[in-house]
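Quick notes on the structure that follows.
The values are calculated or read from the model by the stated rules, or taken from the named source; none is laboratory data. From a predicted model like this one, the values you see are computed outputs, not experimental measurements. For neighbour counting, all protein chains shown are included, and Cβ atoms are generated from backbone atoms with ideal geometry for every residue, glycine included. Side chains are part of the model used for accessible areas, which takes the heavy atoms of the whole protein and leaves out ligands, DNA and RNA. Shrake-Rupley method; radii C 1.70, N 1.55, O 1.52, S 1.80 Å.
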Amino acid sequence: MAKTNFNSLIWVVLLCCSIWHGFAQPGGSDCIKANAKSCGECIQAGPNCGWCKEENFLQEGEPTSARCDDLKALESKGCSPNKTENPRGTKEILKNKEVTNRSRGTTENLKPEDITQIQPQQLTLKLRTGEPQTFSLTFKRAEDYPIDLYYLMDLSYSMKDDLENVKSLGTALMTEMKKITSDFRIGFGSFVEKTVMPYISTTPAKLRNPCTGDQNCTSPFSYKNVLNLTSNGKTFNELVGKQHISGNLDSPEGGFDAIMQVAVCGTQIGWRNVTRLLVFSTDAGFHFAGDGKLGGIVLPNDGRCHLENNMYTMSHYYDYPSIAHLVQKLSENNIQTIFAVTEEFQAVYKELKNLIPKSAVGTLSANSSNVIQLIIDAYNSLSSEVILENSKLPKGVTINYKSYCKNGVNGTGENGRKCSNISIGDEVKFEISVTANECPKKGQNETIKIKPLGFTEEVEINLQFICECQCQSEGIPRSPDCHEGNGTFECGACRCNEGRIGKECECSTDEVNSEDMDAYCRRENSTEICSNNGECICGQCVCKKRENTNEVYSGKYCECDNFNCDRSNGLICGGNGVCKCRVCECYPNFTGSACDCSLDKSSCMASNGQICNGRGTCECGTCNCTDAKFQGPTCEMCQTCLGVCAEHKDCVQCRAFKKGEKKDTCSQGCKNFSMTLVESREKLPQPGQADPLTHCKEKDVDDCWFYFTYSVNANNDAIVHVVETPECPTGPDIIPIVAGVVAGIVLIGLALLLIWKLLMIIHDRREFAKFEKEKMNAKWDTGENPIYKSAVTTVVNPKYEGK
């Protein structure tokens, strides 16, 4: 019995190592956290989870859920790849008709159902939980694609002048639309309002003629289909020409009732599976869901067709549809809406356009004279954009789009659903990924559809969910391997019948907590059940799982773990070993209880090639210096020591040149090395030899340089090589020195004299210039002497008259 327990313990220790490595793999923790009891539960835990169906895979203490783990972790535990269940999702294209390539004017005359604008048309996706399946969708606008256009007009009194212009719309619009497609049909309908108070006056006179004065108006109505879709423009003109305006009391009109009937009454209207355009023409606002309460109408609109003799007969019974209800029906029936409204209501209908995909708003002139150009512009705007939509997704299924549009424009997220600025003949691509995040409860197949808004073509996708493993279909019910048939043996393990538990279904739920069973879960001389690290189930310990899935309990009594070993630097086993049953198993070149002692001596190698410089021992990768004078990581630092060269300088000098301080004691004190004389420095040993080597250059007593090398061989013998001739400096040459000094003094004297002479010349020239300047500025006084008197006296005769 002891031997059996010992062997079991060995297996557990080995298993601990495998589990530790397995849990270290990315994603393995998600698989283990799932606590999967079967292969089906395992593969639903994540796309990287696999189930080992090998019968002898589990060791003592391991629960059945340990079969579920990351693929690499299972392989590291010893599960061979061909014993691992890991089904993958696939895609299969069932219908892949090429998009249509044709040009207008060709002899090829295709029916609308033969024209293909979207590819592929049908495919099957097998989805595994968390694993996306991606396929490419191509869309190409076909040239000369058929168009059905239904003109829905407000015939309240304010639209009287508009009706006159619309009466000739058929042939004119037919002519313009022929430039776009050779297959064009047009229809006409009109609307006013619900035929109850307070929307209209219900007096008999007003019911016959709701207009005032001498105006001849037709009786009020909710919606009337005047003309089914036709390719005859003249018929359109004739029937519309017979129409008369009507009237109502309030400003908003009942246009939503009419839109709903146009959308759902496809057979009566005559819609084909082609481009469907609905032109909604009005000069007023609209009633919507809830407004019917004013007339006592509370039943919500049922979204069904109620046309009798081309008249909507249930306007007094059902409320107006909501905007969301209209969006749903217009989308289901692939109808693109063009709101042709007057300037006054542009803002209202632009807000409505934002709520209705594939719709456009155009400004209608006061008398609808611009309606043809408005329709053509709106059609071009709508057809230049493709927007993908999908039907309702099953629970847990998500879908992502990525678009590859014209001119290298790509989009993701919501922008990945659409491409803009598409011309006829342009081809765009979409990358669509479908992901199942969970399996349906019953695992049944589902179908979703993807289509471009406003187009009748669609892609049908059949979704098949991978919720079980292949090996489960090969299970053996009431297998003898499951304790006398108490379970189904599948995928290497027992799936117990109801009321049975245990790895082999050997216990009933009534026996689980009995004391007899607990005795098998206690170690010898211990009162602890499963070492307090597990539960005793059916007489066997099932070890607890820790919050950190990398930490594992194991062993027959859950007595082992892989996280309570000695630590170093904060790491289990110093990061240099594996914790097995609370004991570190070190990697090569490491030892110690925490694997913190390195056996690698490279870090102890000194610069001279010796371990710890020959002055210490290498312990756990660190030098322990035995010579107290030396320290440092390699025992090379000595604050009080001379260098190798200075230490042996005197002995080398006395032995090689018979001089120096140790000349008299040389024979006794300098015998610890062998010496060899060489001719020159080039003959000295060079670095690279096996023995550590030091090159030295020292001065002798005569101030001459001598060169030698010092090395220690493998036998710890010192060897010295000395250059036999020292390099002594030569004496100075006196004559050149004296001649140079004298020449220098003479030259300096001459230079000083020249400088003095030059300064004197400059000074004299300045003084002379100053004198010349003063001379030029001198002024001489030429006036007479003030004390001088002339000897001549002049007297004038007063009687002299100058005659």
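Tabulated data for the structure shown
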quantity: Restricting region 431-467 to residues that are among the small types (Gly, Ala, Ser) and surrounded by fewer than 19 Cβ atoms within 10 Å (Cβ to Cβ), the residue that is farthest from Trp51 (Cα to Cα); calculated: Ser433
quantity: Failed criterion for Tyr404 (all others in (1) without any contact (Cβ under 8 Å) to a residue 60 or more places away in the chain; (2) more than 24 Å from the chain's Cα centre (by Cα) hold); calculated: (2)
quantity: Any hit, region 531-538, residues being without any contact (Cβ under 8 Å) to a residue 24 or more places away in the chain and buried (at least 19 other Cβ atoms within 10 Å of the Cβ); calculated: yes
quantity: Region 228-242, subset among the charged types (D, E, K, R) and farther than 14 Å from Lys160 by Cα, residue surrounded by the most Cβ atoms within 10 Å (Cβ to Cβ); calculated: Glu238
quantity: Residue satisfying condition, being under 22 Å from Ile338 (Cα atoms) and modelled with pLDDT of 90 or more, within set Asp319, Asp257, Asp302; calculated: Asp257
quantity: Of residues in region 632-669 being free of Cβ contacts under 8 Å to residues at least 12 places away in the same chain and either more than 23 Å from Cys696 (Cα to Cα) or assigned to a helix (DSSP H, G or I) (or both), the one least open to solvent (accessible area, probe 1.4 Å); calculated: Gly632
quantity: In region 346-365, residue modelled with the lowest pLDDT [restricted to those that are out of contact with any helix residue (DSSP H, G or I) (no Cβ under 9 Å at 6 or more places or on another chain) and open to solvent by less than 60 Å² (accessible area, probe 1.4 Å)]; calculated: Gln346
quantity: Selected residue (only one of Lys95, Lys91, Lys179, Lys83 is surrounded by fewer than 13 Cβ atoms within 10 Å (Cβ to Cβ), more than 30 Å from Thr235 (Cα to Cα) and not hydroxyl-bearing (Ser, Thr, Tyr)); calculated: Lys95
quantity: Qualifying residue in region 189-206 (condition: of a type in the set (Asp, Glu) and outside any helix (DSSP H, G or I)); calculated: yes
quantity: Top-ranked residue of region 388-410 - restricted to ones that are of a type in the set (A, V, I, L, M, F, W, C) and surrounded by fewer than 16 Cβ atoms within 10 Å (Cβ to Cβ), ranked as nearest to Ser433 (Cα to Cα); calculated: Leu393
quantity: Filtered residue count, region 583-600, keeping only those that are open to solvent by 60 Å² or more (accessible area, probe 1.4 Å) and touching a Gly at 6+ places or on another chain (Cβ under 7 Å); calculated: 5
quantity: Those residues of region 397-410 which are modelled with pLDDT of 90 or more and either within 19 Å of Gln133 (Cα to Cα) or charged (D, E, K, R) (or both), in sequence order; calculated: Val397, Thr398, Ile399, Asn400, Tyr401, Lys402, Ser403, Tyr404
quantity: Selection status of Lys580, farther than 30 Å from Gln470 by Cβ, of a type in the set (D, E, K, R) and crowded, with 21+ Cβ neighbours inside 10 Å; calculated: yes
quantity: Region 182-225, residues that are free of Cβ contacts under 8 Å to residues at least 60 places away in the same chain, more than 21 Å from Glu238 (Cβ to Cβ) and among the aliphatic types (A, V, I, L, M); calculated: Ile200, Ala205, Leu207
quantity: Test: residue in region 507-528 that is modelled with pLDDT of 80 or more and closer than 30 Å to Glu468 by Cα; calculated: yes
quantity: Residue match in region 220-227 (condition: open to solvent by 30 Å² or more (accessible area, probe 1.4 Å) and assigned to a loop (DSSP other than H, G, I, E, B)); calculated: no
quantity: In region 243-284, the residues that are open to solvent by less than 10 Å² (accessible area, probe 1.4 Å) and either of a type in the set (Gly, Ala, Ser) or more than 30 Å from Asp183 (Cα to Cα) (or both); calculated: Ser246, Gly247, Glu253, Gly254, Gly255, Ala258, Ala263, Ser281, Ala284
quantity: Positions within region 446-464 being polar (S, T, N, Q) and assigned to a strand (DSSP E or B), in sequence order; calculated: Thr447, Asn462, Gln464
quantity: Entirely in region 105-170, the strands (runs of 3 or more DSSP E) that have 2 or more residues that are touching a residue at least 40 places away in the same chain (Cβ under 8 Å) and within 42 Å of the chain's Cα centre (by Cα); calculated: 122-128, 133-140
quantity: Selection status of Glu547, open to solvent by 20 Å² or more (accessible area, probe 1.4 Å), within 41 Å of the chain's Cα centre (by Cα) and over 15 Å from Ala66 (Cα atoms); calculated: yes
quantity: Unmet requirement for Thr124, which otherwise passes all of (1) over 30 Å from Cys39 (Cα atoms); (2) surrounded by fewer than 18 Cβ atoms within 10 Å (Cβ to Cβ); (3) of a type in the set (Val, Ile, Thr); calculated: (1)
quantity: Unmet requirement for Leu173, which otherwise passes all of (1) of a type outside the set (Val, Ile, Thr); (2) in a helix (DSSP H, G or I); (3) open to solvent by 40 Å² or more (accessible area, probe 1.4 Å); calculated: (3)
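Residue by residue, here is whether (1) under 20 Å from Ala142 (Cα atoms); (2) in contact with a strand residue (DSSP E or B) (Cβ under 9 Å, 6 or more places away or on another chain) holds:
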| position | (1), (2) |
| --- | --- |
| Pro394 | no, yes |
| Tyr404 | yes, yes |
| Val409 | no, yes |
| Ser420 | yes, yes |
| Lys441 | no, no |
